[in-house]
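The values are calculated or read from the model by the stated rules, or taken from the named source; none is laboratory data. On a predicted model such as this, the values are computed, not experimentally measured, just so you know. Here the Cβ is made from the backbone with ideal geometry for all residues, glycine too, and neighbour counts use every protein chain on show.
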Amino acid sequence: MSVRTVSRQELWDLMKSGNVVVVNVLSRVSYEDMHIPGSISIPFDELENGGWRKLDKSKLIITYCHNSNCGASKRAAELIASHGYKVAAYEGGIKEWYESGMPVEGRLAGNSNAERN
């Protein structure tokens, strides 16, 4: 199953519309370190074990992980889509989001020394 991907700008525009649920599929520790504001944490292994049921089927679900090399966002999006949800993957992940100066939340969000690589 193939799912569509969204760019950073498209994700930002969708978030402003309010009709989207953004899901961080990394570990809870990674989410607590840094995440996209307003996103929720459902680690990939939880999604596989029924965590997708927590999602609002009336909204577009957008998954993200660490970066374009990670692959978890796409696998998560495919899993969620297989249950009849509207879904897309933001494959740039938190790395691209943060490096481009977009807002972030979490323990490392206010740390000017947070790694940007």
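List of remarks:
- Pairs with Cβ under 7 Å, 6+ apart, first in the stretch 5-34 and free of Cβ contacts under 8 Å to residues at least 40 places away in the same chain, second of a type in the set (Gly, Ala, Ser) and crowded, with 16+ Cβ neighbours inside 10 Å: 28/41
- Among the residues listed as 30, 68, 73, the single one being touching a Cys at 6+ places or on another chain (Cβ under 7 Å) and either of a type in the set (Asp, Glu) or surrounded by 14 or more Cβ atoms within 10 Å (Cβ to Cβ) (or both): 73
- Residue satisfying all of: in the stretch 1-34; in a loop (DSSP other than H, G, I, E, B) and hydroxyl-bearing (Ser, Thr, Tyr); modelled with the lowest pLDDT among these: 2
- Looking only at the stretch 76-91, and only at residues there that are at pLDDT 95 or above and among the charged types (D, E, K, R), the one that is nearest to residue 31 (Cα to Cα): 78
- Residue 53 vs. criteria out of contact with any His (no Cβ under 6 Å at 6 or more places or on another chain), among the basic types (Lys, Arg), under 24 Å from residue 110 (Cα atoms) and at pLDDT 95 or above: no
- Tallying residues that are out of contact with any Leu (no Cβ under 9 Å at 6 or more places or on another chain) and more than 21 Å from residue 59 (Cα to Cα) within the stretch 74-97 yields 2.
- Answer from 51, 18, 38 - the residue that is touching an Asp or Glu at 6+ places or on another chain (Cβ under 9 Å) and under 19 Å from residue 103 (Cβ atoms): 38
- Residues satisfying the stated conditions in the stretch 54-69, i.e. of a type outside the set (A, V, I, L, M) and either in contact (Cβ under 8 Å) with a residue 24 or more places away in the chain or closer than 17 Å to residue 10 by Cβ (or both): 56, 57, 59, 63, 64, 65, 66, 67, 68
- Filter result for the condition that a residue is β-branched (Val, Ile, Thr), in a helix (DSSP H, G or I), modelled with pLDDT of 95 or more and surrounded by 17 or more Cβ atoms within 10 Å (Cβ to Cβ), over 62, 94: 94
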